[in-house]
Amino acid sequence: MSEQELTSTNNESKWINSASEAKVRIKWLLISHVIFWIIFGIIVLIFGDEQLALATNPGFAIDETHWSYKVVKIYSDTFIVIQLGTIVATILFLIIPKCQPYRRSMLETSYTILFAGIFVESLKTLANRLRPFQEGSPIADEINVFGEETDSGSMPSGHVAYTGAGVLPHAIWMKKVVISIILSIFSAGMMYIRMYLGVHYATDVLVGNIISLGCAILAFLLFQRIYKNGSIKRSQEWLIFVIWLVAFLGIQVLLHSF
């Protein structure tokens, strides 16, 4: 396939939605998530942020060598695998001609992760909220933290936001509704895991989940303009990916420099 050849996002695929189908999927994802956020928010208002953190977190010491703890930790760290997998998969999809129908969804996923990172790190700096286990927190003496005592801000949860950013674009584009549901549940499940580990309050994970879907929709709208004619050149797709990679790596360097 030459550099000048156009790549189409509307190719027939049994796995990928058309742009119009993706719009419908976004509507249902947004409706279901808003209902979930409202219910979650009501629970927070009734029981309180701090009490929910304590209720979700085990009130006893956990053997960190036990298989159940290892499963929880693997789940908690899947966002790293998702980010690395997105980079590798996007490169492969851009190289392999038969992967034409999947390129837009992978590029959207990349930019959703980038947008989520910008929102998360900006809000962490602005909120400057103590973690539940940190000295000065009202529940520091009651919470059990397992295997992770970071000093980054608590609000919002980066793990929740990055996990959702890595899977919700696929929930939008995958044709099978059951896959969309599974990915949405997986994203929401990270909310419980981060509270279970004692590293976040309920509102932290709620905001993280809102950021992830919001950024997925933002990326979709951006790429609707980029792919407004239904297709672009593969060289343009490579350029879009390189711009993302430079921005993504730049943010990682900045985060680890301060």
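The lone criterion from (1) surrounded by fewer than 15 Cβ atoms within 10 Å (Cβ to Cβ); (2) hydrophobic (A, V, I, L, M, F, W, C); (3) part of a loop (DSSP other than H, G, I, E, B) left unmet by residue 242 is number (3).
Of the residues 177, 205, which single one is closer than 27 Å to residue 66 by Cα and not charged (D, E, K, R)?
Values: 177 fails: closer than 27 Å to residue 66 by Cα.
Testing whether each residue is closer than 27 Å to residue 66 by Cα and not charged (D, E, K, R) leaves just 205.
Looking only at residues in the stretch 15-42 that are of a type in the set (A, V, I, L, M, F, W, C) and not in a helix (DSSP H, G or I), which one is modelled with the lowest pLDDT? Here the answer is 15. Would you pick out the residues in the stretch 88-144 that are among the basic types (Lys, Arg), more than 25 Å from residue 200 (Cβ to Cβ) and either in contact (Cβ under 8 Å) with a residue 24 or more places away in the chain or buried (at least 22 other Cβ atoms within 10 Å of the Cβ) (or both)? Result: 103, 104. Can we say residue 45 is of a type outside the set (S, T, N, Q), under 18 Å from residue 210 (Cα atoms) and either over 23 Å from the mean Cα position of the chain (by Cα) or modelled with pLDDT of 90 or more (or both)? Yes, satisfied.
Residues to consider are 253, 205; find the one that is among the aliphatic types (A, V, I, L, M) and either modelled with pLDDT of 95 or more or buried (at least 24 other Cβ atoms within 10 Å of the Cβ) (or both). Even if it seems obvious, please write down each step before you answer.
Details: 253 fails: either modelled with pLDDT of 95 or more or buried (at least 24 other Cβ atoms within 10 Å of the Cβ) (or both).
The unique qualifying residue is 205.
If you go through the stretch 151-180 and pick out every residue that is of a type in the set (S, T, N, Q) and either at pLDDT 90 or above or over 21 Å from residue 73 (Cα atoms) (or both), you end up with 3.
The values are calculated or read from the model by the stated rules, or taken from the named source; none is laboratory data. From a predicted model like this one, the values you see are computed outputs, not experimental measurements. FYI the Cβ positions are ideal-geometry reconstructions off the backbone, even for glycines, and counts take in every protein chain you see.
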